[in-house]
Amino acid sequence: MALSREQLAMRVAQELQDGYYVNLGIGIPTLVANYVPEGMDVMLQSENGLLGMGPFPTEREVDADLINAGKQTVTAIKGASIFSSADSFAMIRGGHVDLTVLGAFEVDVLGNIASYMIPGKLIKGMGGAMDLVAGADNIIVTMTHASKHGESKLLQKCSLPLTGAGCIKKVVTDLAYMEIAEGKFWLKERAPGVSVDDIVKLTAGELVVPEVVPEMEF
Amino acid sequence: MSGFNKVIDCYEEALNGLEDGMTIIAGGFGACGVPENLITEIKRRGAKDLTVVSNNCGSDNLGLAVLLEEKQIKKMVASYVGENRLFERQMMEGEIEVELTPQGTLAEKIRAGGAGIPAFYTATGYNTPVAEGKDVREFNGRKYILEESITGDFAIVKAWKADTYGNLVYRHTARNFNPMVATAGKITVVEVEEIVEPGELDPNEIHTPGIYVDRLIKGTFIKPIEQRTVRTA
């Protein structure tokens, strides 16, 4: 069975470590915040200028001056800090954020990522994604393995305009966990009940399959 | 007598000197920390062919989007222009020129502009459409692109509190681009929720020193919320 959005977030959450500063993108990455292991402290960075993002406010706590990068009303945890956009991207570009999780349209064997623009369709803009992929050393891409029409999103070469070049090393999809190195995808884990054949069929870029591919554990 | 008093009395004076074809840099992220009343004043004045630099161009009927109604914006420099139907239409029909700029690069362009730095190298956008036509240089084995800084004829800023000298304090994430924007205008105009006397703000806690501020006005704000997300207590 392919992973649900929640299971994807749970698998990504296994990559968190105590004391990590983490930036979560919009969509599935945001859900990772719900699965921080008990007893572990991570601090969430929101690129509009908040380190220590908390849960949504109660109706009574709602404050128009306190939002996240997705423009949602949020809270600040005890020990949070607030700063300008320039400071926020100094943290990001300067490599001070420990882990960045974001979505993508396509990833290829060279670690290139395309996530912000489909030519001929509506162009909304890259927001902070280009800075995030350029600045972070530890990035996890989460996405579905293939499109609704069964087209692989894991390619030999990205077909869409790039958000960043050679910057992605880890991908968690609804079918598999893979790493990228030496111009290849390396299959590390498969979703429970998903066969290696299913993954191979839906991976367009060169994929290295070891003899034993363990199932993800939750 | 104080030559440092920046306070003006009415919005009609706030943008004196604004002309067609000028560049305006605006603070704000989404609907948060947006100089709402100064934008309304740009609309009232009817200045045209403006280049506007801001993270977003508002969203439907909010913020800078009101300047689209009479097509006052010729060129928009922004990192994100979604959730804005009028903008999408003007962009698709070629009525508005758009320079999509990564958010961190945009913040740094404005910061550098205000700090007297004409350009800087960044890895952001290398090998992407953003890098087209830009100088590339290698430092320590990594490739970087040259990005030019931005200054404006006017900078419009929303802060929370100010003293009459123009020392500013922002509130929560309404700070966002405002501190950089405040530094990058030939004329910087700031609107705030409260103005106090010099000495009432702790000098240790000033976010923007008054040296950057030319005009200061107290306003009332709608502060719309784009995504009202709540949890049950």
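Where a number appears in this text, it was derived from the coordinates with a stated rule and is not lab data. Keep in mind the model is a prediction, meaning the values are calculated, not measured. A quick note on method: Cβ atoms are made from the backbone with ideal geometry, for glycine too, and the neighbour counts reach across all protein chains shown.
Averaged over peptide A:50-59, the number of partner chain Cβ atoms lying within 10 Å of each residue's Cβ comes to 3.
Residues in region B:64-77 carry Karplus couplings, in order, of 4, 4, 5, 7, 7, 4, 9, 6, 7, 9, 8, 9, 10, 10 Hz; the curve used is 6.51 cos²θ - 1.76 cosθ + 1.60 with θ = phi - 60°, and Gly or Pro positions show x.
If you take the alpha carbon atoms of region A:101-218 and fit the smallest convex hull around them, that volume is 106 Å³ per residue. Sparsely packed loop sites in region B:11-50 (the trypsin sites (Lys or Arg not before Pro) outside DSSP H, G, I, E and B with at most 16 other Cβ atoms within 10 Å) comprise B:K48. Residues B:T124, B:T208 in ascending order of nearby Cβ atoms (within 10 Å, fewest first): B:T208, B:T124.
Other residues within the sphere of radius under 12 Å centred on the Cβ of A:V62, judged by their own Cβ, net out at 0 (K and R +1, D and E -1). Normalised by 2.2 N^0.38 Å, where N is the number of residues, the C-alpha radius of gyration of region A:58-120 stands at 1.52. In terms of its C-alpha gyration tensor, region B:1-154 comes out oblate, because a/c is 1.5 or above while a/b does not outweigh b/c. When the alpha carbon gyration tensor of region B:1-52 is reduced to an equivalent ellipsoid, the three semi-axes, largest first, read 21, 16, 11 Å.
In summary, the convex hull built on the alpha carbon positions of region A:20-166 has an orientation-averaged projected area of 10.2 nm². Sparsely packed loop sites in region A:142-200 (the GluC sites (Glu not before Pro) outside DSSP H, G, I, E and B with at most 15 other Cβ atoms within 10 Å) comprise A:E151, A:E182.
One equal scatterer on each Cα of region B:19-86, no solvent, Debye formula: the resulting log10 I(q)/I(0) at q = 0.16, 0.26 Å⁻¹ is -0.43, -1.26.
Summing Cβ point charges (Lys, Arg +1; Asp, Glu -1) relative to the Cα centre of the protein assembly as shown gives a dipole of roughly 500 debye.
Exposure proxy ranking for B:C10, B:C32, A:C158, A:C167, based on other Cβ atoms within 10 angstrom of each Cβ and starting from the fewest, stands as B:C10, A:C158, A:C167, B:C32. Among B:A162, B:A26, B:A123, the largest mean-square fluctuation in a Gaussian network model of chain B (Cα springs under 10 Å) belongs to B:A123.
Taking the square roots of five times each eigenvalue of the Cα gyration tensor of region B:176-233, the equivalent ellipsoid has semi-axes of 27, 16, 13 Å, listed largest first.
Averaged over peptide B:104-114, the number of partner chain Cβ atoms lying within 10 Å of each residue's Cβ comes to 5.
Shielding value for B:163-176 is 5, the average number of Cβ atoms from other chains within 10 Å of each residue's Cβ.
Here A:S115, A:S88, A:S195 are placed in order of increasing Cβ neighbour count within 10 Å, fewest first, which gives A:S195, A:S115, A:S88.
Net charge of the neighbourhood of A:L16, taken over other residues with C-beta under 15 Å away and scored Lys/Arg +1, Asp/Glu -1, is -3. Here is the link list: A:K71/B:K158; B:K6/B:K43; A:K153/A:K188; B:K48/B:K109; B:K43/B:K109. Which ones come out longer than 20 Å on Cα distance? The answer is B:K6/B:K43; B:K48/B:K109; B:K43/B:K109. In chain B, Cα pairs under 8 Å separated by at least six residues give a relative contact order of 23 percent.
According to the square roots a ≥ b ≥ c of the eigenvalues of the Cα gyration tensor, what is the shape class of region A:93-149, taking rounded for a/c under 1.5, prolate for a/b larger than b/c otherwise, and oblate for the remainder? Oblate is the answer for region A:93-149, as a/c is 1.5 or above yet b/c matches or exceeds a/b. Sites listed here are GluC sites (Glu not before Pro) in region B:132-216 whose DSSP assignment is loop and whose Cβ has at most 10 other Cβ atoms within 10 Å: B:E132.
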